[in-house]
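Contents: one structure, followed by commentary.
The values are calculated or read from the model by the stated rules, or taken from the named source; none is laboratory data. Only a predicted model underlies this, so the values are computations on that prediction, with no experimental measurement involved. Cβ coordinates were reconstructed from backbone atoms using ideal geometry, including for glycine residues, and neighbour counts include every protein chain displayed.
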Amino acid sequence: MAIVLWPGDISYVDRIQSLLAAAVGNPSEQSVMALLNGTYRESGARLDMIFDGPELVGVVGSLRIHPGLAEILHMAVDAPYRGKGWGRMAIQHLRTDVYPDVWLMAETDRDAVGFYAQLGFHVTSLGEKYPGRERFQCVLKP
Ligand SMILES: CC(C)(COP(=O)(O)OP(=O)(O)OC[C@H]1O[C@@H](n2cnc3c(N)ncnc32)[C@H](O)[C@@H]1OP(=O)(O)O)[C@@H](O)C(=O)NCCC(=O)NCCS
């Protein structure tokens with residue numbers, strides 16, 4: 001396993017785009033490119049790429065929004081690699097290497113809330129933030 005910070009090798013752009021698309025609702029090519037070129041290049045957020053040997057298997061994007069609080073903005077593992085511990089490793093990397101002394105927060109939907117709960121995040125429902133879509137706030141103490 002290796003974790004490499006974006007911007008990096010440009011040949012991974014397509015893979016990163018498709019991974020990010022899995023982590024956002026209703027992705028368009030433009031909105032995903034805006035994430036890569038805006039959020040993850042100019043806005044101070046970081047995008048960590050998770051490799052299994054030469055294979056890019058996942059990405060996790062995050063931003064320190066307060067001295068004591070970092071938000072996980074996007075988290076995605078490529079479908080064939082899910083359920084093998086890569087997501088857990090990505091969060092552990094943020095916890096241990098990037099944000100060791102701060103609260104971690106993520107907002108997600110019903111499909112992924114179990115993942116954060118399994119990793120020890122405290123989960124609170126935010127209700128139907130969007131019509132028909134319950135959202136959850138997930139918080140992990142330092
Ligand atoms: C959610 C996601 C990142 C999890 O990554 P992953 O590599 O499959 O997760 P892991 O294998 O590290 O799982 C860690 C633990 O969480 C559990 N888990 C993983 N996904 C889960 C889910 N959707 N619901 C409930 N539990 C889940 C695993 O069973 C595992 O538990 P264990 O340690 O007791 O065996 C991945 O499924 C994904 O990319 N989904 C699509 C995008 C998405 O929903 N992103 C999150 C919202 S932004």
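Restricting attention to the stretch 45-96, which residues are near the ligand (Cβ under 8 Å from one of its atoms) and exposed (fewer than 14 other Cβ atoms within 10 Å of the Cβ)? Hits for the stretch 45-96 are 79, 83, 84, 85, 88.
Based on this model, can you work out whether residue 113 counts as modelled with pLDDT of 95 or more and touching a Phe, Trp or Tyr at 6+ places or on another chain (Cβ under 6 Å)? Criteria met by residue 113.
Looking only at the stretch 115-142, residues that are in a loop (DSSP other than H, G, I, E, B) and closer than 20 Å to residue 77 by Cβ come to 3 in all.
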